[in-house]
Amino acid sequence: HSELTPSGNKKKNLVILGSGWGSISLLKNLDTTLYNVTIISPRNYFLFTPLLPSVPTGTVDLKSIVEPVRTITRRSNGEVIYIEAEATSIDPATKTITYKHTKDHEGNPVDSRFETSISYDYLVVGVGAKVGTFGTPGVDKHACFLKEGYDSTKIRRKLLDCIEQANLLPEDDPERKRLLTTIVVGGGPTGVELAGELQDYVEQDLSRWVPTIAPQIKVTLLEAMPKILAMFDKTLIDYAAQILAESNIDLQTNTMVKKVDETNVYASVKQADGSSKMVTLPYGLLVWATGNATREVITDLFKKIPEQANARRGLLLDDYLKVQGSDDIYALGDCTFTKYAPTAQVAHQEGVYLAELFHNLAKVDELKFELSKSVLDTEKTNKLNRKLTRASKLEPFKYVHFGALAYIGSEKAIADLTWKDWQTFQSGGLFTYIFWKTAYVSMCLSVRNKVLVCVDWSKTAIFGRDTSN
Ligand code: FAD
Ligand code: NAD
């Protein structure tokens, strides 16, 4: 890092944690010549999560939806240092971050004794969230998740292993039936999109490549609440439930999973009379998609800032995305708790806003330095002071909601779109599916990603999906 700005002022150290939607949006929009920028993240790539549910079945290749962090940092106008590690602790008193390497590229823990620290002037926390298991026994040990790139590979391997193992068993063997049952827990968009993709795989590909097995493969979607996809409009929720039913996805609502073991899911089903009964559901592949939980590095930070004492679901922020109770820590995305839903759309806009905020902070810093440099005449001092007042003004963060989109399988999608503050437009079906595809391609981070995703979709349409693991 070059230590000084062109006017001789000392550059501040800006440390960014995470390489997801929030942090990368900040990095891409930031003039990185203004700070000594360091980005710390265990994931050395940006992952385009909206298309992650398409990866386990091979509709889209994992590499098509990732962009290496170093490609992004190389394109920045100033030098950006990338450190592949996980922040294990943030100390607001000494303004330091401790970090170490904790996982390999398949998500397995590594025992690294090499822990080190870095100091910051400004810190941006964009570490996202982990999958919430809410302490449900057995989930961590037996279920797959759908959060990281390697999760999609695990799901695929497990699914294809189950199919090959079932193929060795006689048709009437209950073990065969168990192996061919995939249970997805959580009827939010992650669970619904994955269930839709899995069912497409069965109907469009496995029915051709393993015709004796495909009719017995069952995808079950379990949801604790009476309805799936809570954030969508009621008509779209009903439409989605109807499409899932038509495509043979076994949707069971009012079904809350309480426990999981190696072969069974134990769930409490709410009856019409208000009572509950326990059911046991055997499974071969289990995917857990019940939403977000706070990462340890964040819960640890709650304890160090008195104003965060009541925080549970994420860091509490002021209107400028500054962490309440801190002067130099900012946060964005899923590791925060705001009035907005934890989505990519929100994290992205917060990143754009923070880039502008940091430009302002640098300008203010520079003007203060000019004012302190030497004895200035009154006219120059007044001029600089006026500039300083202007630069210190920044509007609070304002989120613009464009709507929500979700794929529901069978080449159908739902869209709940917002235009300005007052108009909403709901649609579902094939046309929406084409819109969904167009919108997601246009949102991919790089031209390379856009081209690769289109190539993958074309390959799937022409040759079908692959069945090798
Ligand atoms: P993330 O994008 O999760 O990034 C967090 C980053 O922090 C990662 O790079 C991670 O490796 C890193 N990190 C983790 N721990 C540490 C640590 N201790 N120190 C340093 N770095 C750390 N939203 C939508 O709006 N539309 C969609 O269609 C959509 N589809 C989705 C599909 C799936 C399957 C999933 C899982 C989510 C989807 N979302 C979607 C939600 C969206 O992905 C999140 O809201 C968004 O990723 C949040 O951005 P973020 O930057 O806060 O966190
Ligand atoms: P979610 O929080 O939206 O949904 C989780 C679902 O799991 C809920 O409906 C909940 O009732 C259910 N659940 C919780 N515990 C359960 C249990 N024990 N048994 C059965 N069901 C249980 O989670 P998500 O789908 O992972 O989404 C997380 C965030 O990411 C959300 O903000 C979402 O909007 C966003 N996201 C958006 C899209 C999209 O826009 N297409 C796609 C994926 C994720």
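With respect to the conditions (1) in contact with a Gly (Cβ under 8 Å, 6 or more places away or on another chain); (2) among the aliphatic types (A, V, I, L, M); (3) open to solvent by 10 Å² or more (accessible area, probe 1.4 Å); (4) in a helix (DSSP H, G or I), A195 falls short on a single one, namely (3).
Here is a check on your reading of the model: is V110 over 21 Å from V265 (Cβ atoms) and in contact with a Leu (Cβ under 7 Å, 6 or more places away or on another chain)? Full working, then the answer.
Details: over 21 Å from V265 (Cβ atoms): yes; in contact with a Leu (Cβ under 7 Å, 6 or more places away or on another chain): no.
For V110, the condition - over 21 Å from V265 (Cβ atoms) and in contact with a Leu (Cβ under 7 Å, 6 or more places away or on another chain) - is not met.
Being touching a Phe, Trp or Tyr at 6+ places or on another chain (Cβ under 7 Å), more than 16 Å from ligand 2 (Cβ to nearest atom) and of a type outside the set (G, A, S) is true for just one of I97, I65. Which residue is that? Even if it seems obvious, please write down each step before you answer.
Details: I65 fails: more than 16 Å from ligand 2 (Cβ to nearest atom).
Unique residue meeting the criteria: I97.
Within the stretch 443-464, the set of residues being touching a strand residue (DSSP E or B) at 6+ places or on another chain (Cβ under 7 Å) and either open to solvent by 60 Å² or more (accessible area, probe 1.4 Å) or of a type outside the set (A, V, I, L, M, F, W, C) (or both) comprises S446, N449. Sub-6 Å Cβ pairs linking a first residue in the stretch 362-378 that is closer than 13 Å to N9 by Cα to a second residue that is small (G, A, S) and not in a loop (DSSP other than H, G, I, E, B), at least 6 apart or interchain, are K363/A391; V364/A391; V364/S392, ordered by first then second residue.
Would you check if T460 is more than 24 Å from the chain's Cα centre (by Cα), touching a residue at least 12 places away in the same chain (Cβ under 8 Å), within 20 Å of G58 (Cα to Cα) and in a helix (DSSP H, G or I)? When the stated conditions are applied, T460 passes them.
Determine which member of the set T49, T5, T38, T98 is at pLDDT below 95 and β-branched (V, I, T). Working first, answer last.
Values: T49 fails: at pLDDT below 95; T38 fails: at pLDDT below 95; T98 fails: at pLDDT below 95.
The match here is T5.
Identify, please: which residue in the stretch 1-28 is assigned to a helix (DSSP H, G or I) and hydroxyl-bearing (S, T, Y) and is, among those, surrounded by the most Cβ atoms within 10 Å (Cβ to Cβ)? Outline the logic, then answer.
Quick first cut of the stretch 1-28, residues assigned to a helix (DSSP H, G or I) only: 21-28.
Of the ones still in play, those that are also hydroxyl-bearing (S, T, Y) are 23, 25.
On the way: S23: 28, S25: 25.
Once the filter is applied, the top-ranked residue is S23.
Hey, among N264, N310, which residue is more than 21 Å from I228 (Cα to Cα) and touching a Pro at 6+ places or on another chain (Cβ under 6 Å)? Talk me through it step by step, then tell me what you get.
Working: N310 fails: touching a Pro at 6+ places or on another chain (Cβ under 6 Å).
Just one listed residue meets the conditions, N264.
Among the conditions (1) open to solvent by less than 30 Å² (accessible area, probe 1.4 Å); (2) within 16 Å of ligand 1 (Cβ to nearest atom), L222 misses just one, which is (2).
Flag not set for A87, criterion: among the hydrophobic types (A, V, I, L, M, F, W, C), within 16 Å of ligand 2 (Cβ to nearest atom), open to solvent by less than 50 Å² (accessible area, probe 1.4 Å) and modelled with pLDDT of 95 or more.
Taking the stretch 335-347 as the region of interest, how many residues are part of a helix (DSSP H, G or I) and touching a Lys or Arg at 6+ places or on another chain (Cβ under 9 Å)? Can you show your working first?
Initially, the stretch 335-347 is screened for residues part of a helix (DSSP H, G or I), giving 335, 344-347.
After this cut, where a residue has to be touching a Lys or Arg at 6+ places or on another chain (Cβ under 9 Å) as well, the list is 335.
Number satisfying all stated conditions: 1.
For the stretch 282-296, a residue qualifies if it is buried (at least 20 other Cβ atoms within 10 Å of the Cβ) and part of a strand (DSSP E or B), and the qualifying residues are L285, L286, V287, W288.
The numbered conditions (1) closer than 30 Å to T57 by Cβ; (2) open to solvent by less than 50 Å² (accessible area, probe 1.4 Å) are all true for L317 except (1).
The values are calculated or read from the model by the stated rules, or taken from the named source; none is laboratory data. All figures in this text were calculated on a predicted structure; none of them were measured in a lab. Glycine also receives a Cβ, built like all others from the backbone with ideal geometry; neighbour counts cover every protein chain displayed. Accessible surface is based on the protein model in full, side chains and every heavy atom, while ligands, DNA and RNA are left aside. Shrake-Rupley method; radii C 1.70, N 1.55, O 1.52, S 1.80 Å.
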